[in-house]
Amino acid sequence: MVVRSLVALLACASAASVISACNRPAQPPGTDAVPGATAPAGAPAALTGQAQIDRGKMLVIGGGCHDCHTPKKLGPTGPEFDYDRALSGQPQDEKIEAPFKNDPKSPWQVHASGNLTAWTGAWGVSFAANITGDTNTGIGIWTEKMFIDAMRTGKHMGTSRQILPPMPWNFYGQLSDEDLKALLAYLKSTKPIANRVPVPLGPDGKPIEAPQ
């Protein structure tokens, strides 16, 4: 598979800043995580139902979640989001079995797949998760606590392996509990897409499993 080099600074709050060449259809100072963050003063009251889902949708759009979690297709002016596979993560039939071998003297140290759903660097290979409402391969079974803990600790499902770059969990983790609940409510409401994303790979190319 063709791997495309990108100039990427992983300190960015969202992967959106490194894919500005990816066409977006019109429709759609601290860096530390804040444990136990709550709604800031003046924040709106907790939302429920469709209002909560609508709030979550806007956070997903504004947070650039589609940039990494939605595969791309080639359009008339370049790569576009493939909304038929929206938020389904790294395609399971696109096999990546090892990190990109890079010249350590080169300034190009971070690379991405053509879909921008797989990223490689010094940490190994990370794959964008399936965050659709699918209960088997997506985020459908996640609880609010699991999601909030994941965004606050940088651990998959809140207790498992480390979430790898370029996922900016430490920035999302500074959202209030209510905003994180809205994010999850929207993601769980999306069309479920069965797509089993592989586990990430370490620098040696071996799968990074959950710690024992």
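The values are calculated or read from the model by the stated rules, or taken from the named source; none is laboratory data. As the structure is a prediction and not an experimental result, all values here were calculated from the model. Heads up, the Cβs are rebuilt from the backbone with ideal geometry, glycines too, and the neighbour counts pull from every protein chain shown. These accessible areas exclude ligands, DNA and RNA; they are computed on the full protein's heavy atoms, side chains included. Shrake-Rupley method; radii C 1.70, N 1.55, O 1.52, S 1.80 Å.
Observations on the model:
- Scanning segment 200-212 for residues that are at pLDDT 95 or above and either within 15 Å of the chain's Cα centre (by Cα) or open to solvent by 80 Å² or more (accessible area, probe 1.4 Å) (or both) returns a single hit, 200.
- Subset of segment 75-86 (residues that are closer than 30 Å to residue 133 by Cβ and either open to solvent by 70 Å² or more (accessible area, probe 1.4 Å) or touching a Ser or Thr at 6+ places or on another chain (Cβ under 6 Å) (or both)): 81, 84, 85, 86
- Taking the numbered list (1) in a helix (DSSP H, G or I); (2) surrounded by fewer than 22 Cβ atoms within 10 Å (Cβ to Cβ); (3) within 17 Å of the chain's Cα centre (by Cα) in turn, residue 56 passes all entries but (2).
- Look at segment 173-191: where a residue is more than 16 Å from residue 51 (Cα to Cα) and open to solvent by 10 Å² or more (accessible area, probe 1.4 Å) and a partner is outside any helix (DSSP H, G or I) and at pLDDT 95 or above, sitting 6+ places away or on another chain with Cβ atoms under 8 Å, you get 191/86; 191/132; 191/133.
Okay, residues lined up against (1) open to solvent by 20 Å² or more (accessible area, probe 1.4 Å); (2) within 21 Å of residue 189 (Cβ to Cβ); (3) assigned to a loop (DSSP other than H, G, I, E, B):
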{"residue": "73", "(1), (2), (3)": "yes, no, no"}
{"residue": "88", "(1), (2), (3)": "no, yes, yes"}
{"residue": "93", "(1), (2), (3)": "yes, no, yes"}
{"residue": "129", "(1), (2), (3)": "yes, yes, yes"}
{"residue": "133", "(1), (2), (3)": "no, yes, yes"}
{"residue": "139", "(1), (2), (3)": "no, yes, yes"}
{"residue": "152", "(1), (2), (3)": "yes, no, no"}
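- Filter result (farther than 20 Å from residue 206 by Cβ and open to solvent by 50 Å² or more (accessible area, probe 1.4 Å)) within segment 95-113: 103, 104, 105, 107, 108, 109
- Flag for residue 159 being among the polar types (S, T, N, Q) and at pLDDT 95 or above: no
- The sole residue among 181, 145, 191 that is part of a loop (DSSP other than H, G, I, E, B) and within 21 Å of residue 56 (Cα to Cα) is 191.
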